[in-house]
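Everything on this sheet refers to the single structure shown next.
The values are calculated or read from the model by the stated rules, or taken from the named source; none is laboratory data. The shown structure was predicted, so the numbers you read here are calculated from the model rather than taken from an experiment. FYI the Cβ positions are ideal-geometry reconstructions off the backbone, even for glycines, and counts take in every protein chain you see. Please note that ligands, DNA and RNA were not included when accessible areas were found on the heavy atoms of the full protein model with its side chains. Shrake-Rupley method; radii C 1.70, N 1.55, O 1.52, S 1.80 Å.
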Amino acid sequence: MNYTGRCVRTRMGVKAALPRYEVYLYTAVLGVAMAWAASWIVEASSENVNRKAFKESVKPGWHYFGRKMDVADFEWVMWFSTFRNHILFALTGHVIFAKIFSLLVPKHRSLVFGLYGVLAVLVTMGWTFMGLILSHCLMLYSVALVKKRWLCFVAGLATLASIKLEPYNSWQETLVTGSFDLQDVLFYGGCGFTIMRCMSFALENCDRKEGSYSFLDLLKYNFYLPFFFFGPIMTFDQFHAQANSSKLSRKDRELWGITTKALLHLGVILVVDMFFHYLYILTIPSDMRLVQKLSDWSLAGLAYSNLVYDWVKAAVMFGVINTVARLDHLDPPQPPKCITMLYVFAETHFDRGINDWLCRYVYDYIGGDHDKIFKELLATLCTFAITTLWLGPCELVYIWSFFNCFGLNFELWVAKFFSYPPFSTIEGVMGESMGRRIRGVFNAANFWTIVLYNVLSLNSLEFAKMVGRRLIFKGFPFSTLSVLLVTYCGVQLVKERERNQALLEEQEAAKMAEKEKAE
């Protein structure tokens, strides 16, 4: 997963319009191509449902479908099947507890959030785990009092390394007694997110001019239960300001919006489970013998659908947590941007919380306006070094980090190169619409580099190499050009959506300006 992304720069020609019939043509081509690719995957799933390699990850599904379903993703099964009732119980208890005390003692609701979180973590994981978490908090709080950014980073990253590298992580894990299926996930999630939150606290404390935040402020921030084990991360400055605000009024129809999104997430969960009865997109890539028999279009659709599913999973999981946070009058990080809408590395991320953390404390802090090549290179190297440590150093993560870091820098190099004459002069002469079409060609190629660079972290290096080899070399020219053509159509539809959004924002800004003049 790519956790980094440059702050969105203004894209040239964003308001450039295309003829309506051209947009309709792109829609038709994209729709037919996606339906065709999906039909290949459905056929491959149905014909190979009884393969020996599918035995562990394709299990009996809903009775009224009469089909088996893909259960290869542990996280999805954990959240919405195996441990669904446990998670719902904990979050429902938090909502009820928080609502009662927010009405009784609104000024101290952040303390109530923290107390409930401490009790829930203690009951779930035990005293030893609680002691380990408190030791991490206490150590990083002590470093925060020194108010040296470099020292906060050294201490924080060293602590993070202690749960990511052997033998230190194994030693800490043995301290946690008990055994249940979810223990490993909760241990590493709780420790990892705790350290990142403590680093945010320490870095914000460095920027505070007078005095320091208290240890109680850190505990209230860290033990907010909805974020504790699974994220997302809110930076300390945002959480502290929002959780300690006593103004608990809501905007018009805000509660209706929260309810609508909760129902939408429920609907998406049901739809995804239905699709898993027909599309074994997670299990097929693990069987390389079957993958070799698939058509180029099936492989392209399989790689794309894996990234779309990962986005859907992140959006739903964070969406459920964010719904609870919004009920607590917080404004949590937004869901990630859909992979379908991405055609530049600068906007690629699957966890907006981690992305915001990295941008605030590393990427933007070092890179500034991201316009200078060497500062950008240094910023991306530091950002991906921390991201590699966060994900857990291994060969696959090293490869993923290298290619995504290269892609982010290569975009800047290309943009710089084409900003000089004669290219800038030619673009000015040809007009905005033609410029948009030419940019769309490059964006289509860039889209598939994003897919290939990130699919290896979701499936395997062998699968990513297979997709790349088939689409670029063995499938050339027919498969390569046809996939790029369909992708080009998709990119133009995304650009059209961005154009409409830009026009709406411009109209709203004009209305606000007229309103201010009238007042």
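The table for this structure:
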quantity	calculated
Residue count for segment 220-267, restricted to those that are touching a Gly at 6+ places or on another chain (Cβ under 7 Å) and open to solvent by 40 Å² or more (accessible area, probe 1.4 Å)	2
Selection status of residue 194, of a type in the set (S, T, N, Q) and open to solvent by 60 Å² or more (accessible area, probe 1.4 Å)	no
Which numbered condition residue 318 misses (of (1) among the aromatic types (Phe, Trp, Tyr); (2) within 26 Å of residue 98 (Cβ to Cβ); (3) touching a helix residue (DSSP H, G or I) at 6+ places or on another chain (Cβ under 7 Å))	(3)
So residue 116, is it at pLDDT 90 or above, among the aromatic types (Phe, Trp, Tyr) and either open to solvent by 40 Å² or more (accessible area, probe 1.4 Å) or more than 26 Å from the chain's Cα centre (by Cα) (or both)	yes
Segment 80-91, residues that are at pLDDT 85 or above and either aromatic (Phe, Trp, Tyr) or more than 16 Å from residue 229 (Cβ to Cβ) (or both)	89
Hits in segment 209-255 - residues which are assigned to a loop (DSSP other than H, G, I, E, B), small (Gly, Ala, Ser) and within 16 Å of residue 360 (Cβ to Cβ)	231
Test: residue in segment 292-311 that is farther than 29 Å from residue 51 by Cβ, open to solvent by 20 Å² or more (accessible area, probe 1.4 Å) and among the acidic types (Asp, Glu)	no
Any pair with Cβ under 8 angstrom, 6 or more apart, that starts in segment 428-439 at a residue that is within 17 Å of residue 25 (Cβ to Cβ) and ends at one that is assigned to a helix (DSSP H, G or I) and not aliphatic (A, V, I, L, M)	436/492; 436/495; 437/492
Of residues in segment 125-152 being surrounded by fewer than 20 Cβ atoms within 10 Å (Cβ to Cβ) and of a type in the set (Val, Ile, Thr), the one farthest from the chain's Cα centre (by Cα)	146
Test for residue 43: is it under 30 Å from residue 490 (Cβ atoms), open to solvent by 70 Å² or more (accessible area, probe 1.4 Å), out of contact with any Ser or Thr (no Cβ under 6 Å at 6 or more places or on another chain) and not β-branched (Val, Ile, Thr)	yes
Subset of segment 89-107 [loosely packed, with under 13 Cβ neighbours inside 10 Å, hydrophobic (A, V, I, L, M, F, W, C) and part of a helix (DSSP H, G or I)]	89, 96, 100, 103, 104
Test result for residue 126, on the phi > 0 side of the Ramachandran plot, without any contact (Cβ under 8 Å) to a residue 60 or more places away in the chain and not aromatic (Phe, Trp, Tyr)	yes
Total residues in segment 39-81, condition in contact with a Gly (Cβ under 6 Å, 6 or more places away or on another chain) and not in a helix (DSSP H, G or I)	3
Scan of segment 375-400 for residues that are closer than 25 Å to residue 232 by Cα and open to solvent by 50 Å² or more (accessible area, probe 1.4 Å), ordered by number	381, 385, 391, 394, 396, 398
Filtered residue count, segment 317-333, keeping only those that are in contact (Cβ under 8 Å) with a residue 60 or more places away in the chain and part of a helix (DSSP H, G or I)	10
Residue list for segment 346-360, filter: small (Gly, Ala, Ser) and farther than 20 Å from residue 157 by Cβ	346
Residue within segment 401-422 that is touching a Lys or Arg at 6+ places or on another chain (Cβ under 6 Å) and either buried (at least 18 other Cβ atoms within 10 Å of the Cβ) or over 16 Å from residue 443 (Cα atoms) (or both) present	no
